[in-house]
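To keep things clear, I will list the structure first and then write my remarks on it.
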Amino acid sequence: MKLPEKAPDWFPIIKDNFVSLISSKDFQSFNEFISTTDQHGDYLYWDTFKHLKIPEGITPELAWSYLKMTRQSKTVKTKLISKDSGLFRYWSTDVILRNLSEIDKYIGGQILVDNEAPFNKPEHKRFLINSLMEEAIASSQLEGASTTRIVAKEMLRTSRKPENHAEQMIYNNYQTILKIKDFINKPLSDQMLLELHNSMTVGTLEKSDWSGRFRTLTDEPIIVGDEEGTLYTPPPPEKIADMLKILYDYANTDETSRFVHPVIKAINLHFYLAYIHPFNDGNGRTARALFYWYMLSKKYWMMEYLTISRIFIKAPAQYKRAFLYTEMDDLDLTYFISFNIKVIIMAIKILVEYIRNKQKGVVGIGYHLKKYPELNERQRDLLRHAIDNPDSQYTIEAHQTINSVTYETARKDLAYIQNKGLFNRVKKGRKFYFIPSKNLIKILKSN
């Protein structure tokens, strides 16, 4: 990935041209163009903005400079300090405010679809575990873990030990996500951050002693980049302690002079930890864990059901650019906030669509399952999954993990379905698998 083009130095340009600009006959239409660009569209950086159809007679550089002036007047400063002692700032545009309202509506409480709660208690537990697995897998893949979702989920569901570096990353990520709830009533501190990092990275880093400790002067200097060059140079080790104190104060203190929306603060925490880059490796994973911690600590419980990192994977360059735009453009966090809020909205839409489809499926298969009143909700959900995934193979261990039940309970669930002729049991090596009967739907309809 190439470093974004540096934007023109806006202040001298607007200083020299401001009077003539506002005196021009087309200023009103130009001003509306600028307002519409930010308030109703994407929050654009120079490299995209310069290609817009700018009103005739105004250069892209002058238009950008006026846009920057209006942004500067609307942004608010945070307590977060850059490595060069500047203050990060952001602006809650109309688009951001509308999206925050949607987020509060959906994940600040119970998601309802067609006035119905999406899950009964057993379904709640199963779906939650599945969502946590998906997030763990996607977050690890974003950091380079090369394995398929199918293999990774099989490992997590069966509690199989990781067999390679990629699987260890995913296993660590999953275990850390499960642990986050243990921290939601605790203030952010060195101890918490180091514990999260150690849990996330143990057994996966180039040097084993990197896990659970901050960078020091004895470590090699690090840069963030790829084969095309350096993208970002983190602060030197001697600045880490002071910057982390700023991070902790920001996380642990509620604003008194100006309200900061919890979602914005969670995103800013994500950014700032990645910006400090306090670890030799594993900073991205830990920053996303910090985001989840803060969201859950502010009672956004439905956040657990969203797999944010799966969307990041589809747009890794946009994720990086949002970070770089913030650093390069006067420490304007609006780029990173805007991108992450859009990702959350996309994840919510995916979840709502899933719930709608699930409710339709429940209604469709529910009629045939009524003939088996003795089936519990775990067994019914398993049969629904088998109908949609006829090639799936199920194990006692996987059923145990996904439903958080004992081994014996999981064994009895599968054995009963097998005895009814709905599943067949086959042995592969030393392990037994349960597979859907070839005529599963026909059997259900005929009984």
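Condition test on Val343, is it in a helix (DSSP H, G or I) and at pLDDT below 80? Criteria not met by Val343. Any chance the stretch 231-250 includes a residue that's among the acidic types (Asp, Glu) and not in a helix (DSSP H, G or I)? Looking through the stretch 231-250, none of the residues is among the acidic types (Asp, Glu) and not in a helix (DSSP H, G or I).
Tell me yes or no: at least one residue of the stretch 378-392 is within 18 Å of Ile150 (Cα to Cα), in contact with an Asp or Glu (Cβ under 8 Å, 6 or more places away or on another chain), surrounded by 15 or more Cβ atoms within 10 Å (Cβ to Cβ) and in contact (Cβ under 8 Å) with a residue 60 or more places away in the chain. No; the residues of the stretch 378-392 include none that is within 18 Å of Ile150 (Cα to Cα), in contact with an Asp or Glu (Cβ under 8 Å, 6 or more places away or on another chain), surrounded by 15 or more Cβ atoms within 10 Å (Cβ to Cβ) and in contact (Cβ under 8 Å) with a residue 60 or more places away in the chain.
Within the stretch 393-431, the set of residues being hydrophobic (A, V, I, L, M, F, W, C), surrounded by 12 or more Cβ atoms within 10 Å (Cβ to Cβ) and modelled with pLDDT of 90 or more comprises Ile396, Ala410, Leu414, Ala415, Ile417, Leu422, Phe423. The residues on offer are Leu44, Leu52, and the sole one that is in a loop (DSSP other than H, G, I, E, B) and surrounded by fewer than 18 Cβ atoms within 10 Å (Cβ to Cβ) is Leu52. Going through the stretch 18-41 one residue at a time, which ones are modelled with pLDDT of 90 or more and either part of a loop (DSSP other than H, G, I, E, B) or in the same structural domain as Met328 (by TED's automatic domain parsing) (or both)? If the condition is that a residue be modelled with pLDDT of 90 or more and either part of a loop (DSSP other than H, G, I, E, B) or in the same structural domain as Met328 (by TED's automatic domain parsing) (or both), then no residue fits. Residue count for the stretch 300-334 satisfying the condition of being surrounded by fewer than 20 Cβ atoms within 10 Å (Cβ to Cβ), part of a loop (DSSP other than H, G, I, E, B) and at pLDDT below 85: 1. Say we look at the stretch 252-265 and pick out the residues that are surrounded by fewer than 17 Cβ atoms within 10 Å (Cβ to Cβ) and either among the acidic types (Asp, Glu) or in a helix (DSSP H, G or I) (or both); which of these is nearest to the chain's Cα centre (by Cα)? Top of the filtered list is Asn252. Scanning the stretch 266-299 for residues that are within 16 Å of Lys186 (Cα to Cα) and assigned to a loop (DSSP other than H, G, I, E, B) returns Lys298, Lys299. Which of the residues that make up the stretch 142-175 are surrounded by 17 or more Cβ atoms within 10 Å (Cβ to Cβ), more than 16 Å from Lys431 (Cβ to Cβ) and among the hydrophobic types (A, V, I, L, M, F, W, C)? Hits for the stretch 142-175 are Leu142, Ala145, Ala152, Leu156, Ala166, Met169, Ile170. Say we look at the stretch 4-17 and pick out the residues that are in contact with a helix residue (DSSP H, G or I) (Cβ under 8 Å, 6 or more places away or on another chain) and part of a helix (DSSP H, G or I); which of these is surrounded by the fewest Cβ atoms within 10 Å (Cβ to Cβ)? The extreme case among them is Phe11.
Remark: pairs (first residue in the stretch 321-335, outside the structural domain of Ala266 (by TED's automatic domain parsing) and closer than 14 Å to Thr78 by Cβ; second residue at pLDDT 95 or above and part of a helix (DSSP H, G or I); Cβ separation under 9 Å; 6+ apart in sequence or on different chains) are absent.
So which residues in the stretch 336-345 are over 15 Å from Tyr272 (Cβ atoms), in contact (Cβ under 8 Å) with a residue 24 or more places away in the chain and buried (at least 21 other Cβ atoms within 10 Å of the Cβ), if there are any at all? Matches in the stretch 336-345: Ser338, Ile341, Val343, Ile344.
Applying the set (1) on the phi > 0 side of the Ramachandran plot; (2) part of a helix (DSSP H, G or I) to Gly57 leaves exactly one unmet item: (2).
Please determine whether any residue of the stretch 84-96 is outside any loop (DSSP other than H, G, I, E, B), assigned by TED's automatic domain parsing to the domain that holds Lys320, surrounded by 18 or more Cβ atoms within 10 Å (Cβ to Cβ) and aliphatic (A, V, I, L, M). Yes: the stretch 84-96 contains one or more residues that are outside any loop (DSSP other than H, G, I, E, B), assigned by TED's automatic domain parsing to the domain that holds Lys320, surrounded by 18 or more Cβ atoms within 10 Å (Cβ to Cβ) and aliphatic (A, V, I, L, M). Of all the residues in the stretch 65-108, those that are of a type in the set (D, E, K, R) and closer than 14 Å to Gln39 by Cα number 5.
The values are calculated or read from the model by the stated rules, or taken from the named source; none is laboratory data. From a predicted model like this one, the values you see are computed outputs, not experimental measurements. Please note: Cβ atoms are built from the backbone with ideal geometry, for glycine as well, and neighbour counts cover all protein chains shown.
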